[in-house]
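Below is one structure; the comments refer to it alone.
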Ligand code: SF4
């Protein structure tokens, strides 16, 4: 099924987000989803526009809040495949509280972050993923803060699926998104998605020179958390591939006692006026 729509993205030519959009569309089609079975929820930022560029249910939310909305969508209609998406500023600054708790909650959604290490929509300020020394309009003498090690943080917070990719590795990225969607729990996929307009340091060439594919690391086992942490630290987190997966932990939905067999969206919630008035009276 075709997940393309007729909305033309207004990203800058060469922006990494184009490939992420294509990878989500391909992954959904490869899995055999129909557009009405997929919901893409996004936050604010250049990458937040992605929910409007995919032929599926889409919700362009508010800054840093893609995860609460996406979790609500999934809880109301667990039949939907739910993807939350946004940038590193959206998810790892204003939205960080939600990110940490969605990770430890292990709710069955996929979170795809387009990590460009800068705020692009507001024309180039340091983000939580900018390296120390990074010069931008907000840090003309270089950032004095260090970059957030998001993959290590996710592992520490109890993530059950952690992956990282590079937007030009379309085949690998598509496969990781497929695996993330099929994972029964919360999947975090951080994608290095260069901002060609404002980030002149972390360019396509820079990533090609600095990234290591985990598939090329001898003996790497994505089910070994200790090895995952050691490997991330050894490579300064600049690795791509499936970093860690734990298939044994139950998802949030599986742990809720009495979780309805029928999704809330398909439940008849109509009540009589008298019953409604009684309910309201209880809360007055
Ligand atoms: Fe992409 Fe950067 Fe342009 Fe935003 S400003 S669309 S992140 S290249």
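The values are calculated or read from the model by the stated rules, or taken from the named source; none is laboratory data. For clarity, every value in this text was computed on a predicted model and none was experimentally measured. Positions of Cβ are generated from backbone atoms using ideal geometry, with glycine treated the same way; all protein chains shown enter the neighbour counts.
Odds and ends about this structure:
- Single unsatisfied condition, residue 97 versus (1) in contact with a strand residue (DSSP E or B) (Cβ under 7 Å, 6 or more places away or on another chain); (2) away from the ligand (no atom under 16 Å from the Cβ): (1)
- Some residue of the range 30-39 being outside any helix (DSSP H, G or I) and surrounded by 19 or more Cβ atoms within 10 Å (Cβ to Cβ): yes
- Which listed residue is touching a helix residue (DSSP H, G or I) at 6+ places or on another chain (Cβ under 7 Å) and either more than 16 Å from the ligand (Cβ to nearest atom) or at pLDDT below 95 (or both), from 42, 56: 56
- The listed residue being surrounded by fewer than 11 Cβ atoms within 10 Å (Cβ to Cβ), out of contact with any helix residue (DSSP H, G or I) (no Cβ under 8 Å at 6 or more places or on another chain) and at pLDDT below 90, out of 282, 218, 273: 273
- Scanning the range 148-191 for residues that are within 16 Å of the ligand (Cβ to nearest atom) and over 12 Å from the mean Cα position of the chain (by Cα) gives 166, 167, 168.
Residue-wise test of (1) modelled with pLDDT under 95; (2) closer than 22 Å to residue 205 by Cα.
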position: 77; (1), (2): yes, no
position: 87; (1), (2): no, yes
position: 92; (1), (2): no, no
position: 103; (1), (2): no, no
position: 111; (1), (2): no, no
position: 130; (1), (2): no, yes
position: 133; (1), (2): no, yes
position: 139; (1), (2): no, no
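- Long-range neighbours under 7 Å by Cβ, at least six apart or interchain, first residue over 11 Å from residue 76 (Cβ atoms) within the range 257-279, second surrounded by 10 or more Cβ atoms within 10 Å (Cβ to Cβ) and at pLDDT 80 or above: 259/253
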